[in-house]
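*Asks:* Quick one: structure below, then a few questions.
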Amino acid sequence: MEPQLNQTQHTFAANTQTSQVVTLKDWMITILLMIIPVVNIILLCIWAFGGSTNPSKANYAKATLIWMAIGIVLYVVVFVLLLGSMMSELSNLSLSV
């Protein structure tokens, strides 16, 4: 007698896909390519949004792009705050002279 599958189990079994494991060699090449300044952003976009990329590498690329965006936003905020502070001090110095 064959076991009965409910709809959720059947849908999960149908949607489950297996992909190849990203090898150590592939990760070493990936990390090496991430060192190159402009190439890293281009490759991350290709891996994150390309359809033929391994899911684990695509998730890595998406997470890295999110961290890059957070870093850029924080950098801009700190830069604006420091620039504003410096301009305020210069303004105060010129008024007191």
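Each reported figure results from applying straightforward, stated rules to the coordinates on display, with no laboratory input. These numbers were taken from a predicted model, which means no experiment stands behind them. Here the Cβ positions follow ideal geometry from the backbone for every residue, glycine too, while neighbour counts run over all protein chains shown.
*Asks:* Zone of Ile72 (label point 7 Å along Cα→Cβ, backbone N under 11 Å): which residues in the stretch 15-51?
*Replies:* Only 41-42 pass the distance filter.
*Asks:* If I model a spin label at Val80 and Leu43 as a point 7 Å from the Cα along the Cα→Cβ vector, what separation in nanometres do I get?
*Replies:* 3.3
*Asks:* OK, next. Considering only the other residues whose Cβ falls under 14 Å of the Cβ of Gly51, what net charge follows from Lys and Arg at +1 and Asp and Glu at -1?
*Replies:* Charge balance near Gly51 sits at +2.
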